[in-house]
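Below is one structure, written out as structure tokens; comments come after it.
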Amino acid sequence: MSLRLRLTLVAALVVAVVVGAASLLVYFIMRHDLRAQVDDALNTHAALIQHHPEDALPRGPGGFGQFIGDYVQVLFANGTVQNQYGTTDAIVPIDSRIRSVAKTKKTYFLRDVTVKGGHYREIVAPLPAPFGAVMVVRSLSDVDHELSRLRLILILVSVGGVLTAALAGALVSRATLAPVRRLTGAAERIAETGDPSERVDAGEGRDELARLGTAFNTMLAALEESIETQRRFVADASHELRTPLTSLQTNIEVLKQQERLEPEQRVRLFADLEREAHEMRDLITGLLELARGDANLDRSTVQVDEIVEAAVERARARFPAVHFNAHIEPTTVDGIPTRLERAVWNLLENAGKWTAAGSSVDVTLSNGELRVRDHGPGIAAEDREHVFDRFYRSATARSLPGSGLGLAIVREVAEAHGGSVTAEDAPGGGALLRLRFASS
């Protein structure tokens, strides 16, 4: 069952309940009023007879004065019956309740009776001796007729109200759900084509459906960007992996003919194979880190100063010819320890790689910022805005080992932790990279 049909049925049901309840209320109020009028007239007629019992049985078609149409029948104390026609026929049946009123002179009562197939209202009231009780009966045919007409009118009004509500509900739901249908159509087309570039008209309103359309377009834009990033990532990874794989394949082909090689050539060949294997490993590790991101990793309070101290010791071991000068202040952030360790190490490794033997790298951690300053050639102006892009390697960096992913990982980690990373020229030469952390 569609949402539009459900909304239509709900609208029709609500109106049916409201109109039905209102119709029943009107019907019972009118029924009570009409029957109350009959009961009042019967009470008045019976009271008049109680005051003048000798006039209880006028001759004629029945009743007298304003009571024309009432049928009067008297039950005497001796048990005989006389009707208004002067005969002893009990046209209105006599039962124990009537006999009890005639005998005990108890209070009167009103009830509905059926006489010769007709519907009547009857009052039974006590009379003084020698009378026993009087029965005054009035036909309810006019009341029943009016109530029948009223029922028909109310039924027609109720049916018309429900049909009108259903039609209005269908029209309103059609107009209201138009944006939802557009969203559904767009989602189905995207599912068929796999192209998230389509957008829906969110409208200019500020209601829930307009916000839904805006959120849907935002989601499509994020999805499009994600797919494009993934496409570039796969293309870049394929391109970067092709070079070391080709080199490996070439060296392996040469290795098949190692008996023709000189010992020095074989040593160089094995060294090349080892270097290319390490490059492949580093490249794949970087790709996996970028692809995995921070999904499903728990955050905790991290002592960044301890991470930096450990990274500096590791850098001193990795680059023994470079002096690493460290000034570290206690710093804590809310983050993922392994990812922060990777980002800090990448910065120090990058500085060590660009710093000549005998020179130094200055590492400073203070005020929620890690600054790594090397004394290398610095970063060219045209390269500065690209150094944090994936797989980007400047012309001068292509002769050095690396995959072009180290600084890209640093930026990914910084942004995932609410921080940032920038590169600039250091005073006196070299490069200065700043990794800023969000406040803990």
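The values are calculated or read from the model by the stated rules, or taken from the named source; none is laboratory data. If you're wondering where the values come from, they're calculated on a predicted model, not measured in any experiment. Positions of Cβ are generated from backbone atoms using ideal geometry, with glycine treated the same way; all protein chains shown enter the neighbour counts. We work out accessible area using only protein heavy atoms, side chains counted, and drop any ligands, DNA or RNA first. Shrake-Rupley method; radii C 1.70, N 1.55, O 1.52, S 1.80 Å.
A few comments on the model shown:
- For residue 256, solvent-accessible area (1.4 Å; no DNA, RNA or ligand), Å²: 130 Å²
- Whole-number accessible area per residue in Å² for the range 84-176, which is evaluated in the context of all protein chains at 1.4 Å: 57 Å²
- Förster radius 22 Å - calculated FRET efficiency between residue 76 and residue 100 (Cβ-Cβ, nearest 0.05): 0.90
- Mean Cβ count within 10 Å, highest first, over the residues of peptides 155-168, 86-99: 155-168, 86-99
- Segment residue 384-residue 212, extension gain: residue separation times 0.36 nm, minus the distance between their alpha carbons: 57.9 nm
- Point-to-point label distance, residue 29-residue 422, nm (Cα→Cβ direction, 7 Å offset): 7.7 nm
- Computed lengthening from residue 357 to residue 172, 0.36 nm per intervening residue step minus Cα-Cα distance: 58.8 nm
- For residue 188, the accessible area of its heavy atoms, probed at 1.4 Å with every protein chain present, is near 110 square angstrom.
- The slack in the chain from residue 367 to residue 269, taken as 0.36 nm per residue of separation less the alpha-carbon distance, amounts to 30.4 nm.
- Packing-based ranking of 21-33, 350-362 yields 350-362, 21-33, ordered from highest to lowest mean Cβ neighbour count within 10 Å.
- FRET E, pair residue 114, residue 17, Förster distance 41 Å, beta-carbon r, rounded to 0.05: 0.70
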